[in-house]
Amino acid sequence: MVFDLNKCLGCHTCSIACKTQWTGEEGMENMWWTVVNTMPGEGTPKSWESMGGGFDGNHNANPGRIPLRDEYGEAWKFNHKEVFEGGKGKNAYLQPESKKGKPDWGANWDEDQGAGEYPNSYYFYLPRICNHCSHPACVEACPRGAITKREKDGIVLINEKRCKGYRFCMAACPYKRIYFNPLKDTSQKCIFCFPRIEKGVAPACARQCPGRMRFVGYLDDEDGPVHQLVHKYKVALPLHPEYGTDANVFYVPPLSPPKLDIDGKLLEDQPRIPIEYLRNLFGERVDGVLETLRQEMGKKQRGEKSGLMDSLIVYSWPRDIFPGFPEDPARLEQVLNKPMARNIGNGPGAAGVNTLPDDGVLYQEIKLQS
């Protein structure tokens, strides 16, 4: 998957689409398999970039730690009854309730805060999912062999019947995109909507994205947008490539408006987002990528052709953004009317790999997203 950060609206439609489809069971309340963090920020879980994991330059495992539940943030309950039925009028307002007192952290706690000082403050949005790495640290860390990477499509999955909740995977993953379900005593994470993928339907987060910024495809499909953005145009970069896991989620880095001087004049040669910060996220290649983007934008502005800009603009949806997965969920939903598809088993959130009852969950979940 490729995320074009210049098109992310920070609307969290992707997060809600994923949450609705996959993490509705008890024990999964605080799980956000796809999350959109504001950068610079501490992210989800809090300060995940400092928790270690991944591999060093010699492919030796780096030590890492398991994020605490509080660092992910709880799924808060709110005082709805007090506000709507308590008769307190304007003296009561909606606020989270917690047994531990007033919450001091949660998913996206620092949303839209960013950094810098007015008028040169800045931020951008960074959507994150499991990176389905080519060299997944979670797979190597699991002593139960419960995590596998599928050969046919590269999707990394947790077999919940084999998982015993040791959570070595959570310590090993440098991106900290694995959660723990205390009721099932298992680790759980993004499954790249593999039941949808197998039926030619794009993942829920991508299909629901109103910004059309999530490109889906295979790296070795030379005609697909993912291959072209990563290998042909070379403008999509992995997040923290130094983690050594060969992540398969890539980002078109954000272009930055210029700074303003004290008189409000543009300082064209001084980007508001510090280039050092972007290098920290995406590596040294980010300088060249941003220059390529600026040059190609210039072509468009002069009325010249730019294959790269045409790819990023996405003139035709879904053909230009996930051409290998164009199936319409509304059309697949019709299969529910056939006898073979009526034997629906588990409900929403039945993401355990070994608990999926063939195609039953797929059709039920697709119906929810249609």
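Any read-out appearing in this document is the output of simple, stated calculations on the displayed coordinates, not a laboratory observation. What you see is a predicted model, and the numbers here were worked out from it, not measured in a lab. Heads up, the Cβs are rebuilt from the backbone with ideal geometry, glycines too, and the neighbour counts pull from every protein chain shown.
Please give the net charge around MET213, taking every other residue with its beta carbon less than 14 angstrom from that of MET213, where Lys and Arg add +1 and Asp and Glu add -1. Present the calculation step by step, with values, prior to reporting the outcome.
Numbers: positive: LYS7, ARG128, ARG207, ARG212, ARG214; negative: ASP4, ASP320.
Value of the local net charge: +3.
For the chain, what relative contact order do you get, as a whole percent, if you take Cα pairs closer than 8 Å and at least 6 residues apart?
Numbers: 670 pairs, mean separation 79.0, N = 370.
RCO, the chain: 21 percent.
Scattering from the C-alpha atoms of segment 1-144 alone, worked out with Debye: what is log10 I(q)/I(0) at q = 0.15, 0.18 1/Å?
Once normalised to I(0) and log-transformed, intensities are -1.00, -1.29.
Mind listing the phi-derived Karplus ³J(HN,Hα) values for segment 102-115, rounded to whole Hz, using 6.51, -1.76 and 1.60 with θ = phi - 60°, and x for any glycine or proline?
Couplings: 5, x, 10, 6, x, 4, 6, 4, 9, 4, 6, 7, x, 8 Hz.
Order these peptides, 99-105, 62-68, by their mean beta-carbon neighbour count within 10 angstrom, highest first.
In descending order of packing, they fall as 62-68, 99-105.
If you add up the charges near GLN228, with Lys and Arg at +1 and Asp and Glu at -1, over every other residue whose beta carbon is less than 10 angstrom from its beta carbon, what do you get?
-1
Could you list, by residue number, the cysteines of the chain that have no other cysteine's beta carbon within less than 4.7 Å of their beta carbon?
Cys with no partner Cβ under 4.7 Å: CYS8, CYS11, CYS18, CYS133, CYS142, CYS163, CYS173, CYS193, CYS209.
When you have a sec, figure out the Kirkwood radius of segment 233-273 from all distinct Cα pair distances and drop it here in Å to one decimal?
12.6 Å
Quickly estimate the mean residue ellipticity at 222 nm for the chain, helices only: each DSSP H run with n ≥ 4 gives -39500 (n - 2.57), and the total goes over all residues, rounded to 500. Don't skip to the end; give the middle numbers.
On the way: 12 runs with 84 residues, N = 370.
After summing the helix terms and dividing by the residues of the chain, the value is -5500 deg cm²/dmol.
Please report the net charge: other residues with Cβ closer than 12 Å to the Cβ of PRO143, K and R +1, D and E -1.
Details: positive: ARG144, ARG162, LYS164, ARG167; negative: GLU140.
Value of the local net charge: +3.
Quick check on segment 56-128: take the gyration tensor over C-alpha atoms, sort the square-rooted eigenvalues as a ≥ b ≥ c, and tell me if it's rounded (a/c under 1.5), prolate or oblate.
Cα axes put segment 56-128 in the oblate bin.
Rg (Å, one decimal) plus Dmax (Å, integer) for the alpha carbons of segment 162-310?
For segment 162-310, the Cα radius of gyration and maximum Cα-Cα distance read 19.4, 63 Å.
What's the Kirkwood radius of segment 272-319 in Å, using all Cα pairs?
12.3 Å
Rounded to the nearest 20 Debye, what is the dipole magnitude of the chain about its Cα centre when Lys and Arg each give +1 and Asp and Glu each give -1 at the C-beta?
In total the dipole reaches around 860 debye.
Largest first and in whole Å, give the semi-axes of segment 120-186's equivalent ellipsoid, each being the square root of 5 times a Cα gyration tensor eigenvalue. Write out the running numbers ahead of the final one.
On the way: eigenvalues 129, 50, 21 Å².
Equivalent ellipsoid of segment 120-186: 25, 16, 10 Å, largest first.
Debye sum, Cα scatterers, the chain, no solvent: what log₁₀ I/I(0) at q = 0.07, 0.09, 0.14 1/Å?
-0.34, -0.56, -1.29
Search the structure for amide H atoms under 5 Å from the amide H of CYS133, placed 1.01 Å from N in the peptide plane, and list their residues when 5 or more places away or on another chain.
ASN248
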